[in-house]
Amino acid sequence: MKRRRRGRPSGPGRLDALGARVSAARAAAEARGETFYQGPSRVHLASFPPKERWDDWVELSSRAWPAADERHYMLVPTTCFNCESACGLLAYVDRQTGQVRKFEGNPEHPGSRGRNCAKGPATINQVTDPDRILYPMRRSGPRGSGQWERVSWDEALDALAARIRAAISQDRRNEIMVHIGRPGEDGYTERVLASWGVDGHNSHTNVCSSGGRTGFQFWMGIDRPSPDHANAKVIYLISAHLESGHYFNPHAQRITQARANGAKVIVLDTRLSNTASQADYWLSPQPGSEAAINLAIANHLIQAGRYDREFVRQWWNWADYLAACHPGRPQTFEQFEEVLAGLYAEFTFSCAAAESGIDAAVLAEVADVVAGAGSRFACHSWRSAAAGNLGGWQVSRTLFLISALLGAVATEGGTFPNAWNKFVPRPIHVPPHPPVWQDLSWPLEYPLAQNEMSFLLPHFLAEGRGRLDTYFIRVYNPVWTNPDGLSWMEVLTDEDKVGCFVALTPTWSESAYFADYVLPMGHGPERHDTHSYEQYNGQWIGFRQPVLRAARERLGEQITDSRQVNPGEVWEENEFWIELSWRIDPDGSLGIRQYHESRARPGEKLTVDEYYGWMFEHSVPGLPERAAAEGLTPLQWMRRYGAFEIISQNGGLHTQPVPASELEDVAVTAAGRVYSTAAGAAGPNIVPVGAPEPDPDGRRAVGVQVDGQVLRGFPTPSGRLEFWSSTLAAWGWPEHALPGYIKSHVHPDRLAPDQVVLLSTFRLPTQIHTRSANAKWLDELAHTNPVWIHPADAARFGIAATGDLVRVETEIGYFVAKAWITEGIRPGVVACSHHMGRWRLEPGPRAAGAMAATVGLHRGPGGWRMQRRAPVRPYVSADPDTQRFWWSDTGVHQNLTFPVHPDPISGMHCWHQAVRVRPADPGDRHGDIAVDTDAAREVYRQWLTLTHPAGQVSPDGTRRPRWLMRPLKPAPAAFRLPDGAGQASPGGASPSGASPSGASPGGASPAGQRAEPDR
Ligand code: SF4
């Protein structure tokens, strides 16, 4: 906040004055025999309070300046919840007031190593936010009327438990759903749902990262890359990793480390991001052409013979490919190389230049740099292009083709499968897989979808495919985050479709406004969670905890419930789920309660202390010994330090020999896949596609034969890296079984002459979806989202100057925003960040006072209209800073105007839009929205026609290949196709005919543009 400063000395004189006062205060304290501020532990920029002093850390109060007022703090670790990186934080708990003064980085955290982005310290804003929800609330008028009454937790819990108990008892299990935005934890919620026997987990992943994940999964059987950036020679990013990419702060600091050691950074981003501005090579491609660039680089490696021949021979499933697609050739590696040489020959630099708009000579230079990296080639592709385009999953699949050609897989400076650098401990109770299948999340049309088809839920409910009795959202704001938010609003206000809508949330949101119960949950420093993420070549586990609980326990108090330390009646989810589960099954007759009972005290409720204490004691290798060395229990150790590194320098697990003890009862396929014939054997749960008569319990692959040795391999059907995907071939997509190029739905061929591409996906470094709007510091830094327009386009559209209002027209409506004329965007493309345009309706809570404009929302003959009634203004609250808000422009909610674009293979929502941009009409106002939800339904139906439903293509009578990852995997029997769904005849889905530039699944012109069907 801007504050006026009066009467203070400045410059060197001011520092001298401060130094003199500090010296005097130190001398006085020492004379009294007291501790004074001891200064940082080290003398360089990585200076942090040493852990030995965390019980009583002394600093001078900045507020008391110029007086030298000592404040004594207890430093308590927790984990940031403001993005997926889960960086370590240290809460500075004032020993006098018992309140948190600030958050800084935890130097003991192996992933973040004490560093944070702006959003980490801003956690204090969320904790002290005057607009946060402090008590359970129940709707007291019609849904969406903005009328609420405070209720007790008991009332809310009993009402919800009764509904859920009835649904389970009446075999309506699929009417219970928990929809998760940011999970921020590893498996707790899935475990709760499994204990209820419901397939009710839903996620946000298909509006986020499914496209990126799918390409990696078809290669490795693992859906995320884990680049060893710090040791790389070349870093290739199709994302903005220095400011906002996946695990960005832990990655960004390691990329910076590599650059200091001479690594080259190549960034593909149509927009001049902060990351692009720091790159050695910034390529600004036509959106959707990224895979063509990757293939041109791959082709260069192949044609020039600059690939790791031995790695390809040993680890690619080339033998499967030859057998399926070239059975007439001798089945030798040399023959495969001959085929390989022709597969990508069309992807010359000239071809990629024509698609991408980037000069062929530049592409050739970049390819040469990539080739020089050898096995020290680290890459990442996340959201960005993979989330923007039809077929975007091929962006990450073609990117990993480069890694796989270079042999830069699980090497120092290369890219690992994420699961090797992540550790998920076994919990105290493990319920069985649910016996049911949720068609509302996993519909038959999308058998290969990487994650739940979450963003289609409103359309499925509107079509009558099912209903929800009790629908929870958690760290999730579907009306605002998803495309087509007004279709969400239509079903969420329909009590026939959603019987009871519950928002578990710390803050009000566009979605919580329509809920029946709004239940206050804790922010990052007010709840327990564990997590482990792939941020370097190693494994760590982090512990989020309510910091005031840990602080008070250090002082000898006993805390049994997070509500005893949290503000108001704010709770944590773990304790909430345990209590709710007990009330659903009070006598244990439903078989649920057993998974929420104490082991130490049978018949009593499980506590979070026992849950995490058991986990740290029994499931985290090395932690008990480390804790014992300091005379602590593992739980005490984690409460004190917050994170534990289990292993570093993991190396390539695929090359580890399988011990002889695991090879006693095994069968070996012709291609060398080794799997146990005993159910329950160790190893990943893989049933090779095409294997004879899969075991209903799932045979478990234990390894793969490589040059006569059985090695661990990869968790794919073949056990090798799958250059050719037997799964895509067998499930109706043989033309996309190889890494290839799919023309986007916004390919120039499909745009009308007056259309341009809208990039709508990019994050801002200081904002994060819904919850950062309740952090005033972040709002001051970034609070609007103008439309980036190249000067040439601005001239073409008749837009005179930055700040002019423009109308951006989509397939289903339009939004009105301000123009930002900049050369930081490619001509023919405009861009707008999705983090802005928060809104609130009246009457109702203020929501996010620094960021939510008050709007009017009405439905008329042409559809919905939203218009701003009042901008953000200063207001009086418990926080004086709310009177200092100097901004009123909070941007526009563009996502409302986007229809759904589900990719027929990955299921990813393809975010990019074909739009028309023109000067706003005279009556238009900034933030105006118009949306026709009938048109949105029509676009949904068009994209649905692109799919190959499981009933038509399943080769084995299942809904989905069992080996593919899936949250909360149901029991094997639930995978069977339902009666009447149909089944492909054996061999009906021919695996032949694979082509890297195969026909596009987008040929049916899903966006209603001018392309002709070619499928
Ligand atoms: S990168 Fe920033 S927002 Fe994300 S976890 Fe780390 S400190 Fe928090």
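Among the candidates R583, R601, single out the residue that is in a loop (DSSP other than H, G, I, E, B), in contact with a helix residue (DSSP H, G or I) (Cβ under 9 Å, 6 or more places away or on another chain) and open to solvent by 10 Å² or more (accessible area, probe 1.4 Å). Break it down into steps so the answer makes sense when it comes.
Values: R583 fails: in a loop (DSSP other than H, G, I, E, B).
Result: R601 is the single residue among R583, R601 that is in a loop (DSSP other than H, G, I, E, B), in contact with a helix residue (DSSP H, G or I) (Cβ under 9 Å, 6 or more places away or on another chain) and open to solvent by 10 Å² or more (accessible area, probe 1.4 Å).
Can you tell me which residue is most open to solvent (accessible area, probe 1.4 Å) among those in the stretch 291-321 that are part of a helix (DSSP H, G or I) and among the acidic types (D, E)?
Among those residues, the one meeting the criterion is E310.
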Item to complete: Could you tell me which numbered condition Y517 fails, if it satisfies all but one of (1) in contact with a Leu (Cβ under 8 Å, 6 or more places away or on another chain); (2) crowded, with 24+ Cβ neighbours inside 10 Å?
Response: (2)
Practice prompt. Would you mind stating whether R383 is charged (D, E, K, R) and at pLDDT 95 or above?
Written response: no
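Considering only the stretch 606-658, how many residues are part of a helix (DSSP H, G or I), among the hydroxyl-bearing types (S, T, Y) and open to solvent by 50 Å² or more (accessible area, probe 1.4 Å)? Working first, answer last.
Taking the stretch 606-658 first, the residues part of a helix (DSSP H, G or I) are 608-618, 623-629, 634-641, 653-655.
Filter once more, keeping what is among the hydroxyl-bearing types (S, T, Y): 611-612, 641, 655.
Filter once more, so that each one left must be open to solvent by 50 Å² or more (accessible area, probe 1.4 Å): 655.
So the answer is 1.
For every residue, the table says whether it meets (1) in a loop (DSSP other than H, G, I, E, B); (2) at pLDDT 95 or above; (3) of a type outside the set (G, A, S).
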site: T890; (1), (2), (3): yes, yes, yes
site: G907; (1), (2), (3): yes, yes, no
site: R918; (1), (2), (3): no, yes, yes
site: D921; (1), (2), (3): yes, yes, yes
site: R937; (1), (2), (3): no, yes, yes
site: R966; (1), (2), (3): yes, no, yes
Fill in: Residue check for V76: closer than 15 Å to Y641 by Cβ and touching a helix residue (DSSP H, G or I) at 6+ places or on another chain (Cβ under 7 Å)
yes
Worksheet, complete the sentence: Being touching a residue at least 24 places away in the same chain (Cβ under 8 Å), surrounded by fewer than 21 Cβ atoms within 10 Å (Cβ to Cβ), in contact with a strand residue (DSSP E or B) (Cβ under 7 Å, 6 or more places away or on another chain) and of a type outside the set (A, V, I, L, M, F, W, C) narrows Y236, Y135 down to just Y135
Worksheet item: Given (1) within 16 Å of the ligand (Cβ to nearest atom); (2) farther than 12 Å from A378 by Cα, where does F218 come up short, assuming only one miss?
Response: (1)
Discussion item. Can you confirm whether A260 is open to solvent by 10 Å² or more (accessible area, probe 1.4 Å), of a type outside the set (S, T, N, Q) and more than 16 Å from the ligand (Cβ to nearest atom)?
Written reply: yes
Response to the item:
For the stretch 964-981, pairs from a residue that is over 19 Å from M453 (Cα atoms) to a residue that is part of a loop (DSSP other than H, G, I, E, B) and among the aromatic types (F, W, Y), with Cβ under 6 Å and 6 or more apart or across chains, are none
Worksheet item: Can you tell me how many residues in the stretch 82-112 are within 8 Å of the ligand (Cβ to nearest atom) and assigned to a loop (DSSP other than H, G, I, E, B)?
Response: 7
Worksheet, complete the sentence: The residue that is nearest to P880 (Cα to Cα), considering only those in the stretch 771-785 that are within 15 Å of the ligand (Cβ to nearest atom) and open to solvent by 20 Å² or more (accessible area, probe 1.4 Å), is W777
Item to complete: Determine which member of the set A258, A232, A252 is touching a Gly at 6+ places or on another chain (Cβ under 6 Å) and small (G, A, S).
Response: A232
Worksheet, complete the sentence: Result of the Cβ filter at 8 Å on the stretch 609-638, keeping first residues that are closer than 18 Å to D55 by Cβ and partners that are part of a helix (DSSP H, G or I) and polar (S, T, N, Q), at least 6 apart or interchain, is A627/Q636
Fill in: Evaluation of R165 against (1) under 30 Å from the mean Cα position of the chain (by Cα); (2) open to solvent by 10 Å² or more (accessible area, probe 1.4 Å); (3) not small (G, A, S) (one fails), failing number
(1)
Worksheet item: Among the residues of the stretch 47-81 satisfying the criterion of being within 16 Å of the ligand (Cβ to nearest atom) and in a strand (DSSP E or B), which is surrounded by the fewest Cβ atoms within 10 Å (Cβ to Cβ)?
Response: P77
Item to complete: Output the number of the condition that A930 fails; it satisfies all remaining conditions of (1) open to solvent by 30 Å² or more (accessible area, probe 1.4 Å); (2) in a strand (DSSP E or B).
Response: (1)
Discussion item. For the stretch 754-767, check the following and say yes or no: at least one residue is away from the ligand (no atom under 16 Å from the Cβ), in a strand (DSSP E or B) and open to solvent by 30 Å² or more (accessible area, probe 1.4 Å).
Written reply: no
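This table checks each residue for (1) open to solvent by less than 10 Å² (accessible area, probe 1.4 Å); (2) at positive phi; (3) touching a residue at least 12 places away in the same chain (Cβ under 8 Å); (4) basic (K, R).
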| site | (1), (2), (3), (4) |
| --- | --- |
| P458 | yes, no, yes, no |
| R467 | no, no, yes, yes |
| R474 | yes, no, yes, yes |
| W480 | yes, no, yes, no |
| L486 | yes, no, yes, no |
| L492 | yes, no, yes, no |
| A512 | yes, no, yes, no |
Discussion item. Can you report the number of residues in the stretch 876-918 which are under 30 Å from P285 (Cβ atoms) and β-branched (V, I, T)?
Written reply: 6
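A quick yes/no check of all residues on (1) modelled with pLDDT under 95; (2) outside any loop (DSSP other than H, G, I, E, B):
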| residue | (1), (2) |
| --- | --- |
| A773 | yes, yes |
| A795 | no, yes |
| F815 | no, yes |
| E823 | no, no |
Discussion item. For the stretch 659-670, check the following and say yes or no: at least one residue is under 30 Å from E310 (Cα atoms), in contact (Cβ under 8 Å) with a residue 40 or more places away in the chain and surrounded by fewer than 15 Cβ atoms within 10 Å (Cβ to Cβ).
Written reply: no
Worksheet entry | Tally of residues being in a loop (DSSP other than H, G, I, E, B), open to solvent by less than 10 Å² (accessible area, probe 1.4 Å) and out of contact with any helix residue (DSSP H, G or I) (no Cβ under 6 Å at 6 or more places or on another chain) across the stretch 264-286 | 2
Fill in: Residues of the stretch 619-645 that turn out to be more than 28 Å from the chain's Cα centre (by Cα) and hydroxyl-bearing (S, T, Y), as a count
1
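The values are calculated or read from the model by the stated rules, or taken from the named source; none is laboratory data. What you are looking at is a predicted structure, and each value in this text was computed from that prediction instead of being measured. Neighbour counts are summed over all protein chains in view; Cβ atoms, including those assigned to glycine, are modelled from backbone coordinates with ideal geometry. Accessible surface areas use protein heavy atoms only, side chains included; no ligands, DNA or RNA. Shrake-Rupley method; radii C 1.70, N 1.55, O 1.52, S 1.80 Å.
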